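Undergrad: Let me begin by handing over the structure; questions about it come next.
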Amino acid sequence: MITVEPQHLNLRPGQKVLDLGCGEGRHSIHLMITDEVDVYGFDLCFADVHTASERAEPFRAPKHSRGRLQLGVANGLQLPFADESFDVVICSEVLEHIEDYKLVLAEIDRVLKPSGIFAATVPAFFPEWVCWRLSDEYHQVEGGHVRIFRERELRKSIEDLGHRYFARHKAHALHAPYWWLKCLFWSKPDSRLVSAYHRLLVWDLMKKPALTRGLEKLLNPLLGKSIALYFVKSSQQVQEPLALIEEVEA
C-alpha cells in the first residue's frame with residue numbers, strides 16, 4: 001500500500017531515489033520492483049529497516065525487479081550523502097513525527113538535485129484532527145505525531161526553500177474510519193468492531209475489488225487519511241521539467 005503516486009515522480013532509468021523515513025519499505029520495495037532506478041531507503045529505526053530488508057529479499061533477483069535497493073539507518077537531520085545526490089526524494093508519513101521538521105526539509109533540499117522531484121505526504125488535517133479528539137494516546141505514544149499539518153502550512157514551508165509545487169492528491173480514505181474506531185476503542189484493543197474493519201482492509205489490500213477501489217477513489221478528496229504534495233526543486237542553471245508540470249496541472 002503506497003501513498004505516493006509514482007507517475008508524478010517522472011522517473012527515468014539510472015536515477016537515484018531517496019526514500020527518507022522508509023519505515024518497513026513499502027515505497028522503496030515498490031520502486032525497486034517497478035522502475036530501473038537505484039533506491040536508497042533510510043530510516044532512524046533499525047527494527048523497521050531490518051523488516052524492510054527481509055521483505056525486500058524475495059524481490060532482489062533481476063527476474064523479480066527492475067531496480068536496485070540499498071537500505072540503511074540514518075538521521076533525517078544529518079543525512080550521510082553529498083549535496084545534490086538524488087534525482088527524487090520521497091518523505092512519506094514522517095514529518096508529523098518531527099519537532100524541527102523544517103530542518104529535515106532543509107536537509108532534503110540539500111541532497112536533492114536541481115530540477116529534482118520532492119514528494120511529501122502527511123496525515124490530512126480533518127481525519128487526523130478527529131483521531132486527536134477521540135484519543136490522546138493515539139498521538140502521545142513514544143514516536144507519535146507531534147502536530148497536525150494544514151496543507152497550506154506544509155506547502156509554504158517547502159516552497160520557501162525554492163521548490164515549485166505542481167500536484168496534490170489524498171489517499172487511503174477507507175483507512176480513516178478504521179483509525180477513528182481504533183481511537184474510540186483504544187482501551188479495548190480486542191474490540192470485535194475494530195478487528196472486523198481491519199480484516200476488511202486486509203481483504204481490500206489483497207484482492208483489490210472494483211467496488212472498494214472505486215469507493216475509496218470517490219471518498220479520497222473528502223476523507224483521504226493522507227495528503228501528498230509534489231514539488232520540483234528550482235534551478236537557474238538547469239531547466240525545470242515544465243512539460244511534466246503543465247501536464248499534471250492540465
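Undergrad: What translational diffusion coefficient, in µm²/s and rounded to a whole number, does the Stokes-Einstein relation yield for region 73-116 at 20 °C and a viscosity of 1.002 mPa s, taking the hydrodynamic radius as the Kirkwood radius over Cα pairs?
TA: Estimated via Stokes-Einstein, D reaches 199 µm²/s.
Undergrad: For a quick check, take a GNM of the chain with Cα springs below 10 Å and name the residue from Pro62, Pro123, Pro177 with the largest mean-square fluctuation.
TA: Pro62
Undergrad: On average over all directions, what projected area in square nanometres does region 1-160 have, based on the convex hull of its Cα atoms?
TA: Answer in nm², one decimal: 9.5.
Undergrad: Hey, another quick one. Using a Förster distance of 45 angstrom, determine the FRET efficiency expected from the C-beta separation of Glu36 and Lys156, and round it to 0.05.
TA: FRET efficiency, Glu36 to Lys156: 0.85.
Undergrad: Between Trp129 and Asp190, what is 0.36 nm times their sequence separation minus the Cα-Cα distance? Round to one decimal in nm.
TA: Extra length from Trp129 to Asp190 when fully extended: 19.6 nm.
Undergrad: What residues have an amide H closer than 5 Å to that of Gly116, excluding those fewer than 5 places away on the same chain, when H is modeled at 1.01 Å from N in the peptide plane?
TA: Result for Gly116 returns Lys233.
Undergrad: May I pose another question? Could you please report the charge total around Leu77, scoring K, R as +1 and D, E as -1 over all other residues with beta-carbon less than 14 angstrom from its beta-carbon?
TA: The answer is -3.
Undergrad: Okay, moving on. When DSSP beta bridges are limited to those with both residues in region 9-124, what percentage is antiparallel, rounded to the nearest 5?
TA: Here the antiparallel bridges make up roughly 5 percent for region 9-124.
Undergrad: Need the C-alpha centroid separation for region 126-188 versus region 1-17, integer Å.
TA: 23 Å
Undergrad: Taking a spot 7 Å from the Cα of Leu215 along the direction of its beta carbon, which residues of region 179-203 have an amide N less than 17 Å from it?
TA: Zone members listed by number: 179-182, 193-203.
Undergrad: Which of the GluC sites (Glu not before Pro) found in region 67-168 are loop residues per DSSP with 10 or fewer other Cβ atoms within 10 Å of their Cβ?
TA: When the GluC sites (Glu not before Pro) of region 67-168 are filtered for loop state and at most 10 Cβ neighbours within 10 Å, Glu99, Glu142 remain.
Undergrad: Taking Rh as the Kirkwood radius, which is the inverse of the mean 1/r over Cα pairs, what is the Rg/Rh value for region 34-112?
TA: Radius of gyration over Kirkwood radius for region 34-112 works out to 0.99.
Read the figures in this text as sums done on the coordinates, not as results from a lab. Bear in mind the structure is a predicted one, so any value in this text is a computation, not a measurement. FYI the Cβ positions are ideal-geometry reconstructions off the backbone, even for glycines, and counts take in every protein chain you see.
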